[in-house]
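Accompanying notes for the structure given below.
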DNA sequence: CTGCTTTGTGCAGGTATCTGCATGTTACGA
DNA sequence: TCGTAACATGCAGATACCTGCACAAAGCAG
């Protein structure tokens, strides 16, 4: 499988392929790379040193390993759990006050709604429906009577599904429309003109469907989401009943929310 | 399941895998690690000392334990991940050999199939469908082209859904029947008379549906599942094409599997 | 076109690391 | 208390590494 010796390769091109090869197989020896690319072990060593300094791989004795090797699946989601963590905690704590025992609630994906789910342990007999794949692992079984996941294609980075909102209860049952008493929607951005937006079209469709099927809608957004607009519009400001955040919104946004008859709840940090 | 002697391994790569292995199984002996990785006990000791100084595991007399031991409020699932962990690892490793790049695979819930998913990093362009809510968090995004979760009611203890097997791709789309090249089914028990059984009716229905929709079916069962019968029958022995386990089944079961034209694959421990 | 510089490559030497074995010491269990 | 197993240390062979140097090819100035 070694490359044709007649075919002359540029050093830079070889290095790029070399890096890709390492990432592909995870770990590889210098000798293997040397025979594979038809160069001496010394050249491979120098290439690896350079690629290591560029962070494209990790140099080790005997060869190199992929930078992803060994690192736990510390997903992008895990990282996002830690940004604005205090704000999300406060928002979640305030939001659970809207939930009564026995209620039916919908939660979309995202770290803010995950924080909300963690604040539910005092509740009982809830019926919960969500597209957030992390919630079943985080929530206590004592809290709910039933927990439903909306199936469909998975977005890995957010650990959510993007499928339609419907449920079938048996192998041959037909679709059943579902409704909730209250829907909690963590959005990507909020602005007076743009309304509620997020960066992914599938997520936006899921959120909009949840909002349509909820008697009351609470938007969750920390202060970093203010006065920004992202790719996909979920709904205009009027679609929500509550707007839960951690700091008082800027004047223009607050005025627009007030005009849209949205009740703004500010969580004290 | 000693590693292939032909495959040269890097010290750093071995150490990374070693640390992952310790975390996986919770506790392990030096001798076990030595035979598992095909190096001397001295080398294992040195690796463990180094990993201990890096805080990746805790060195003990005779072996090492996971640093996470005792720190987590172990869910029932987390506990089950550690029982027969080595056996499940071996089974998973053997099972992935049946999967080709680009294949469509179905995985049911359970810790054995989760172990299988962890052994997939070398594969590419897979299409994966599962009711196991843990898989999206555990699997590398590089492995698959598409990943689907079957929606429905959640069983908290197993972190699975029990919904029907179908997919809808748009808000108003109709159900789409899905099929897989191969289905991997981790069962609760196997016996010559009872066939494949499990303890939960919903799970059994899900498994049976997956088996019907898979061109080939592989049953995964460690030795603790032999010659037992549980509440709900999934299928008779004939329904499977492969039976993957960690020890040779007892004579009566082996005979029954042979008579049912099931190929038995035993993973070396 | 010629000559120079720069870059890449391979080779040779000495040095460092990895690994397994041997030896003596320590810790655990009966 | 004793015996076994695990540990620590030292050593030697093998492998991989680093440094310096020589040579070839490409690029550039004149």
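The values are calculated or read from the model by the stated rules, or taken from the named source; none is laboratory data. The structure presented is a predicted model; accordingly, all values stated were derived computationally and were not measured. When we count neighbours, we look across all protein chains shown, and the Cβ atoms used for this are built from the backbone with ideal geometry, even at glycine.
Restricting attention to the stretch B:230-253, report how many residues are farther than 27 Å from residue B:177 by Cβ and surrounded by fewer than 17 Cβ atoms within 10 Å (Cβ to Cβ).
Total satisfying the criteria: 6.
Criterion first (surrounded by fewer than 24 Cβ atoms within 10 Å (Cβ to Cβ), within 14 Å of another protein chain (Cβ to nearest Cβ), within 11 Å of the chain's Cα centre (by Cα) and closer than 30 Å to residue B:201 by Cβ) does residue B:120 satisfy it? Before the answer, list the steps.
On the way: surrounded by fewer than 24 Cβ atoms within 10 Å (Cβ to Cβ): yes; within 14 Å of another protein chain (Cβ to nearest Cβ): yes; within 11 Å of the chain's Cα centre (by Cα): yes; closer than 30 Å to residue B:201 by Cβ: yes.
Considered against the rule, which asks whether it is surrounded by fewer than 24 Cβ atoms within 10 Å (Cβ to Cβ), within 14 Å of another protein chain (Cβ to nearest Cβ), within 11 Å of the chain's Cα centre (by Cα) and closer than 30 Å to residue B:201 by Cβ, residue B:120 comes out as yes.
Which of the residues that make up the stretch A:37-53 are within 14 Å of chain B (Cβ to nearest Cβ) and closer than 30 Å to residue B:143 by Cβ?
Listed by number, the residues that qualify are A:44, A:48, A:52.
Condition first: outside any helix (DSSP H, G or I) and either more than 24 Å from residue B:121 (Cβ to Cβ) or more than 11 Å from DNA strand D (Cβ to nearest atom) (or both). Now tell me which residues in the stretch A:37-65 satisfy that. Quick ask: steps written out before the conclusion?
Pass one, the stretch A:37-65, residues outside any helix (DSSP H, G or I): A:38-40, A:54-65.
Residues satisfying the conditions are A:38, A:39, A:40, A:54, A:55, A:56, A:57, A:58, A:65.
Please determine whether any residue of the stretch A:17-26 is within 13 Å of DNA strand C (Cβ to nearest atom) and modelled with pLDDT under 90.
To start, the set of residues in the stretch A:17-26 that are within 13 Å of DNA strand C (Cβ to nearest atom) comprises A:17-18.
Now drop any that are not modelled with pLDDT under 90, which leaves A:17-18.
Yes: the stretch A:17-26 contains one or more residues that are within 13 Å of DNA strand C (Cβ to nearest atom) and modelled with pLDDT under 90.
From B:241, B:222, B:203, B:252, which residue is in the same structural domain as residue B:91 (by TED's automatic domain parsing) and farther than 22 Å from residue B:114 by Cα? Break it down into steps so the answer makes sense when it comes.
Working: B:241 fails: farther than 22 Å from residue B:114 by Cα; B:222 fails: farther than 22 Å from residue B:114 by Cα; B:203 fails: farther than 22 Å from residue B:114 by Cα.
When all the criteria are applied, what remains is B:252.
If a residue must be surrounded by 18 or more Cβ atoms within 10 Å (Cβ to Cβ) and assigned to a strand (DSSP E or B), how many such residues does the stretch A:123-154 contain?
11
If a residue must be assigned to a helix (DSSP H, G or I) and either surrounded by fewer than 19 Cβ atoms within 10 Å (Cβ to Cβ) or away from chain A (no Cβ under 14 Å) (or both), how many such residues does the stretch B:18-36 contain?
Within the stretch B:18-36, the first condition is being assigned to a helix (DSSP H, G or I), and the residues that meet it are B:18-25, B:30-36.
Retained after the next criterion (residues that are either surrounded by fewer than 19 Cβ atoms within 10 Å (Cβ to Cβ) or away from chain A (no Cβ under 14 Å) (or both)): B:20, B:23-25, B:30-36.
Going through the stretch B:18-36 one residue at a time, the tally reaches 11.
Of everything in the stretch A:149-173, what is modelled with pLDDT under 85 and within 15 Å of residue A:208 (Cα to Cα)? Give them in sequence order.
Answer for the stretch A:149-173, where residues must be modelled with pLDDT under 85 and within 15 Å of residue A:208 (Cα to Cα): A:163, A:164, A:165, A:166.
Looking only at the stretch A:71-117, count every residue that is modelled with pLDDT under 80 and either outside any loop (DSSP other than H, G, I, E, B) or surrounded by fewer than 16 Cβ atoms within 10 Å (Cβ to Cβ) (or both) and tell me the total. If you could, list the steps in order and put the result at the bottom.
So the first thing to find is which residues in the stretch A:71-117 are modelled with pLDDT under 80, and the list is A:71-83.
Adding the requirement that they be either outside any loop (DSSP other than H, G, I, E, B) or surrounded by fewer than 16 Cβ atoms within 10 Å (Cβ to Cβ) (or both) leaves A:71-74, A:76-83.
Result for the stretch A:71-117: 12.
(1) assigned to a loop (DSSP other than H, G, I, E, B); (2) farther than 30 Å from residue B:101 by Cβ; (3) free of Cβ contacts under 8 Å to residues at least 40 places away in the same chain: which one isn't true of residue B:261, the others all being true?
(2)
For the stretch B:131-147, does any single residue satisfy the condition of being at positive phi and in contact (Cβ under 8 Å) with a residue 12 or more places away in the chain? Give the derivation first.
Taking the stretch B:131-147 first, the residues at positive phi are none.
Checked against the condition, which is being at positive phi and in contact (Cβ under 8 Å) with a residue 12 or more places away in the chain, the stretch B:131-147 yields no hits at all.
Please go through the stretch B:185-196 and give me each residue that is over 16 Å from residue B:162 (Cα atoms) and buried (at least 17 other Cβ atoms within 10 Å of the Cβ), ordered by number. Before you say what the answer is, go through the steps one by one.
Residues of the stretch B:185-196 over 16 Å from residue B:162 (Cα atoms): B:189-196.
Those that are over 16 Å from residue B:162 (Cα atoms) and buried (at least 17 other Cβ atoms within 10 Å of the Cβ): B:189, B:190, B:191, B:192, B:195, B:196.
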